[in-house]
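Structure first, then comments.
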Amino acid sequence: MSSSEDDIPLSQVHDDSGDEMPLAKRHQKRPTPPYTNSEDEDEVVPTKRRKTIKREPGVNDSDSDDEPLSKVKDMDVDSEDDMPLSKKAPKTKAKKETAKSTPKTKSAPKKEKSTTKKEKSTTTKSKATDKSASTKKAAVKKEPKATKVKKEATPNGLVKDETPATPNTQSTNEEEEEEKYKWWEAGDLDGEVKWDSLHHNGVVFPPPYEPLPKHVKLYYDGKPVSLPIEAEEVAGFFGAMINTDHAQNPVFQKNFFNDFKEVLEEAGGCDVDITDFDKMDFTKIFNHYDQERERKKAMTRDEKKRLKEEKEKFEEPYKYCMLNGRKEMVGNFRIEPPGLFRGRGAHPKTGKLKRRVMPEQVTLNMSKDCPVPPPPPGHEWGEVRHDNTVTWLAMWKENIADNQKYVRFAANSSVKGQSDFKKFETARNLKNHIEDIRKDYTKMLKSEVMQERQMATATYLIDKFALRAGGEKGDDEADTVGCCSLRFEHLTLQPPHTVIFDFLGKDSIRFYQEVEVSPQVFKNLRIFKKAPKQPGDDLFDRINPTILNKKFQTYMKGLSAKVFRTYNASKTMQDQIDLIENEGTVAEKVVKFNAANRTVAILCNHQRTVSKNHGESVQKITDKIKELMWQKIRLKKMMLSLEPTLKKKEAKYFHEINDISKEDQQQIVDRLIARQKDQAEKKFARDNEKLKSEKKPLLEKSVLKERMEKIDEQAKEYAAEIKTGAVEPKAKATVEKLKAQVETIESRLQTTQLQLKDKEDNSEVSLGTSKLNYIDPRLTVMFSKKFNVPIEKLFTKTLREKFQWAIESADADWKF
DNA sequence: CTGGATACTTAGTATAGCTATG
DNA sequence: CATAGCTATACTAAGTATCCAG
């Protein structure tokens with residue numbers, strides 16, 4: 001309603017014109033080649049993050065046109081709270097400030113603290129003993145109809161349950177179908193306890209290293225080297241990828257080489273003193289692995305199938321688990337294999353050795369009464385835990401960044417489904433608060449307190465441009481930023497109100513946008529950039545995601561920075577869908593849906609590298625379109641040959657017959673002929689191949705020659721047509737028949753053109769991420785039902801499984 | 001508060017696997 | 001009926017959020 005600027009759905013704010021600005025405009029290139037990172041070469045940005053700031057900027061200074069100035073002055077007095085975070089003296093201020101700010105907020109419902117009552121009762125924090133705690137509390141509050149029967153008898157299920165299960169899956173199938181647990185009909189979720197019982201069979205370890213054949217060796221300084229097996233494995237990791245970009249990256253090389261030497265030493269060294277990476281020659285190793293790949297590819301269909309079945313059979317027990325007595329799928333039950341760490345962007349640790357994970361490093365999490373799956377022979381589990389407040393089944397620590405890795409439920413599991421559902425409900429709830437929040441931060445943009453002003457400005461950016469929170473990162477990680485970690489050099493202010501963002505965000509994906517901001521925001525940003533700040537300094541030096549989120553919590557329970565992204569993505573999708581007319585074919589509607597999806601993807605800056613054959617395949621489609629047009633015109637010319645008077649009578653219809661120049665026509669014909677010849681040759685070869693295997697006589701060369709001559713004849717005819725501009729119709733052609741043919745071509749032309757547009761529009765935008773994570777699936781379901789588009793056209797099989805809850809609960813009139 | 005640890009979501013890419021096509 | 005050309009899935013890196021100890 002209110003047309004005030006704040007209300008505009010963010011996505012449209014900047015690219016009003018409706019049609020998205022071509023991405024190319026927004027950022028000309030993909031980030032940076034990974035290897036431009038290291039301290040060395042890039043002097044371009046002399047400003048790696050400066051952690052400390054020289055001196056207190058002070059809010060105002062002489063920022064003449066900043067009206068709040070006067071006040072700013074006073075507030076400058078309590079400069080004490082005004083220090084950048086990093087410098088703050090530990091004590092006091094925090095409370096003061098909050099106290100101050102509280103009076104203002106009208107909207108903030110300060111509830112959440114108390115709401116937790118429920119969980120409190122049940123949960124004694126982490127220690128909850130699964131069985132007992134579980135059962136009483138969340139304990140299957142409402143077992144929906146289905147479910148019950150089945151395997152209840154064998155609660156510890158899996159192990160035994162599994163084996164017999166396999167053979168008769170067929171029969172049980174429909175049974176299972178109807179007894180699927182519909183958690184979304186069972187109501188309520190929250191609560192600290194995540195499960196009542198959890199039984200599973202542990203994890204799958206990667207196969208042991210298979211040594212190279214004796215004749216395949218690393219060469220050093222021109223000579224073969226006999227490496228200890230441990231080192232050979234590491235050399236093999238690198239050798240197998242010398243044809244990739246990673247292998248050219250100096251950082252990758254250096255990290256690999258260090259770790260390689262380390263492993264080599266651990267293993268007792270070898271007969272050669274390896275000191276120089278450049279003297280290492282991996283080609284033999286590479287060729288070996290390359291051959292292996294070829295060999296695998298060359299396997300017969302049956303062989304491949306058999307192998308696959310074997311693998312599946314072996315993995316079956318790990319693929320499923322029993323959650324609260326119901327069978328659920330596990331996501332990543334395979335322990336990650338060793339290899340070289342492929343960090344994205346300019347990651348300081350890229351190329352380091354990711355070591356093999358041993359059972360001793362693995363912690364299992366399951367019910368107390370679940371039989372502990374046997375560890376691999378000769379090994380022990382690191383730990384077996386029974387924590388029902390978390391949703392992971394196994395965990396280990398990775399050696400690159402010392403992070404935890406988890407084995408979790410699959411996306412189609414109830415656990416994941418529930419939290420997904422919750423996420424979208426929280427985002428939907430933001431609808432009810434967004435107006436107040438926007439009002440509030442608009443006001444706070446002028447706050448006298450620097451921290452509040454930064455907070456408001458950051459919120460504005462997060463809300464309008466869908467920025468991520470932007471937590472602090474270490475020196476041993478890629479230098480990427482989000483809102484709170486934006487630095488001086490990441491935005492350029494262009495009066496009157498234009499801001500140019502240019503920074504690397506998550507995954508080192510470049511965020512480049514030139515946008516208009518409100519005058520006040522522009523002023524604020526100028527203040528935040530004011531001297532003595534310089535490149536390398538944080539723009540928002542008094543806030544961080546934690547502070548921001550704390551504030552968000554005061555507006556609404558469950559509100560954090562990321563919720564804005566979800567909200568704005570889904571909101572944008574809803575708005576875009578609302579603009580779609582319910583008309584046209586299914587395919588056309590799908591295209592429109594994708595276009596809506598695309599606006600969301602662009603909002604969220606979801607990119608992908610354009611595939612290397614993109615240009616090629618665009619060219620191909622373009623050629624196809626040209627050819628179709630040419631054919632269409634040919635048909636029309638035929639009509640005129642039959643009935644010359646038509647040209648005047650239906651001038652419009654025949655208008656286009658001169659649209660293609662003779663040169664173009666010749667080009668099209670040339671391509672067509674070349675293609676036909678090519679095909680003829682291939683067919684000839686293929687046929688002979690077949691005859692050979694059937695031990696039949698081969699076709700003579702003359703047959704091919706004959707065919708070729710025929711094609712040449714065609715070519716001559718075309719050439720004549722082009723010359724005269726007239727096309728001789730076929731014997732039995734009639735104007736009607738030709739018209740019908742034109743129709744068919746016309747429609748093929750349209751689909752092809754649509755296809756081309758879609759391809760180009762999507763070449764560097766990734767729709768998947770938003771569909772998977774940001775767009776409330778109920779919107780898609782709504783679209784499907786309202787527009788009569790089968791859900792299969794919008795959700796792939798896995799997505800349908802993941803979003804089963806949405807498919808079964810949303811109608812044609814569902815609203816985000 | 002800070003920093004680290006933990007647990008969970010979000011992300012692009014490598015590749016397995018499928019489908020159109022010729 | 002292979003194979004090119006893609007699309008869907010698997011994989012795992014890289015974020016966010018929150019909690020806890022010092």
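The values are calculated or read from the model by the stated rules, or taken from the named source; none is laboratory data. Because the structure is predicted, anything quoted here is derived from the model rather than measured. Cβ placement follows ideal geometry from the backbone for every residue including glycine, while neighbour counts extend to all protein chains displayed.
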Among helices (runs of 4 or more DSSP H) completely within the range A:198-308, the ones holding 3 or more residues that are surrounded by fewer than 17 Cβ atoms within 10 Å (Cβ to Cβ) and more than 16 Å from DNA strand C (Cβ to nearest atom) are A:250-266, A:283-298
If we keep just the residues of the range A:184-197 that are away from DNA strand C (no atom under 16 Å from the Cβ) and of a type outside the set (D, E, K, R), which is farthest from A:Thr426 (Cα to Cα)? A:Ser197
Test: A:Ile462 is assigned by the TED database to the domain that holds A:Val517, of a type in the set (Val, Ile, Thr), crowded, with 20+ Cβ neighbours inside 10 Å and within 13 Å of DNA strand C (Cβ to nearest atom): yes
Is it the case that the range A:379-393 has a residue that's among the basic types (Lys, Arg), closer than 18 Å to A:Leu323 by Cβ and assigned to a loop (DSSP other than H, G, I, E, B)? no
Which of the numbered conditions does A:Val407 fail, given that it passes all the others? Conditions: (1) in contact (Cβ under 8 Å) with a residue 40 or more places away in the chain; (2) surrounded by fewer than 20 Cβ atoms within 10 Å (Cβ to Cβ); (3) under 21 Å from A:Trp195 (Cβ atoms). (2)
For the range A:329-349, does any single residue satisfy the condition of being more than 28 Å from A:Phe252 (Cβ to Cβ), within 11 Å of DNA strand C (Cβ to nearest atom) and among the small types (Gly, Ala, Ser)? yes
Restricting to the range A:527-555, and then to whatever is among the basic types (Lys, Arg) and in a loop (DSSP other than H, G, I, E, B), can you tell me which residue is surrounded by the fewest Cβ atoms within 10 Å (Cβ to Cβ)? A:Lys530
Could you check A:Met329 against (1) within 15 Å of DNA strand B (Cβ to nearest atom); (2) crowded, with 17+ Cβ neighbours inside 10 Å; (3) in a strand (DSSP E or B) and say which number it fails? (2)
Test: A:Arg306 is touching a helix residue (DSSP H, G or I) at 6+ places or on another chain (Cβ under 9 Å) and among the charged types (D, E, K, R): no
For A:Asn597, state whether it is surrounded by 17 or more Cβ atoms within 10 Å (Cβ to Cβ), outside the structural domain of A:Ala458 (by the TED database) and either away from DNA strand C (no atom under 13 Å from the Cβ) or not acidic (Asp, Glu) (or both). yes
Limited to the range A:748-774, what total is found for residues that are out of contact with any strand residue (DSSP E or B) (no Cβ under 6 Å at 6 or more places or on another chain) and more than 10 Å from DNA strand C (Cβ to nearest atom)? 16
For a quick check of your reading of the model, give me the residue pairs whose first member lies in the range A:748-769 and is among the small types (Gly, Ala, Ser), whose second is more than 10 Å from DNA strand B (Cβ to nearest atom), with beta-carbon atoms closer than 9 Å and at least 6 apart or on different chains. A:Ser763/A:Leu23; A:Ser763/A:His614; A:Ser763/A:Val618
Being in a helix (DSSP H, G or I) and hydrophobic (A, V, I, L, M, F, W, C) is the filter; apply it to the range A:764-805 and report the residue that is nearest to DNA strand B (Cβ to nearest atom). A:Leu772
Single match in A:Thr609, A:Thr585, A:Thr572 (criterion: more than 14 Å from DNA strand C (Cβ to nearest atom) and at pLDDT below 95): A:Thr585
List the residue pairs whose Cβ atoms are under 9 Å apart, where the first residue sits in the range A:506-526 and is in a loop (DSSP other than H, G, I, E, B), the second is surrounded by fewer than 16 Cβ atoms within 10 Å (Cβ to Cβ) and among the β-branched types (Val, Ile, Thr), and the two are 6 or more positions apart or on different chains. A:Val517/A:Thr498
Could you tell me which numbered condition A:Ile722 fails, if it satisfies all but one of (1) modelled with pLDDT of 85 or more; (2) closer than 30 Å to A:Gln576 by Cβ; (3) among the hydrophobic types (A, V, I, L, M, F, W, C)? (2)
When the residues of the range A:601-629 are narrowed to those that are in contact with an Asp or Glu (Cβ under 8 Å, 6 or more places away or on another chain), among the hydrophobic types (A, V, I, L, M, F, W, C) and in a helix (DSSP H, G or I), which ends up surrounded by the fewest Cβ atoms within 10 Å (Cβ to Cβ)? A:Val618
Test A:Leu559 against the criterion of being closer than 19 Å to A:Ser447 by Cβ and buried (at least 21 other Cβ atoms within 10 Å of the Cβ), and give yes or no. no
I need a count of the residues in the range A:775-801 that are buried (at least 20 other Cβ atoms within 10 Å of the Cβ) and either within 9 Å of DNA strand C (Cβ to nearest atom) or among the acidic types (Asp, Glu) (or both). 3
Within the range A:412-422, track down each residue that is in contact with a Phe, Trp or Tyr (Cβ under 9 Å, 6 or more places away or on another chain) and within 11 Å of DNA strand B (Cβ to nearest atom). A:Val415, A:Lys416, A:Gly417, A:Gln418, A:Asp420, A:Phe421
Single residue of A:Gln454, A:Gln494 found to be buried (at least 20 other Cβ atoms within 10 Å of the Cβ) and more than 22 Å from A:Ala346 (Cα to Cα): A:Gln454
Here are the criteria: (1) away from DNA strand C (no atom under 15 Å from the Cβ); (2) at pLDDT 95 or above. Tell me which single one A:Arg385 does not satisfy. (2)
Counting only residues that are part of a helix (DSSP H, G or I) and within 29 Å of the chain's Cα centre (by Cα), which one in the range A:180-197 is surrounded by the fewest Cβ atoms within 10 Å (Cβ to Cβ)? A:Trp184
In this structure, does A:Glu425 turn out to be within 14 Å of DNA strand B (Cβ to nearest atom), surrounded by fewer than 17 Cβ atoms within 10 Å (Cβ to Cβ), of a type in the set (Asp, Glu) and assigned by the TED database to the domain that holds A:Tyr555? yes
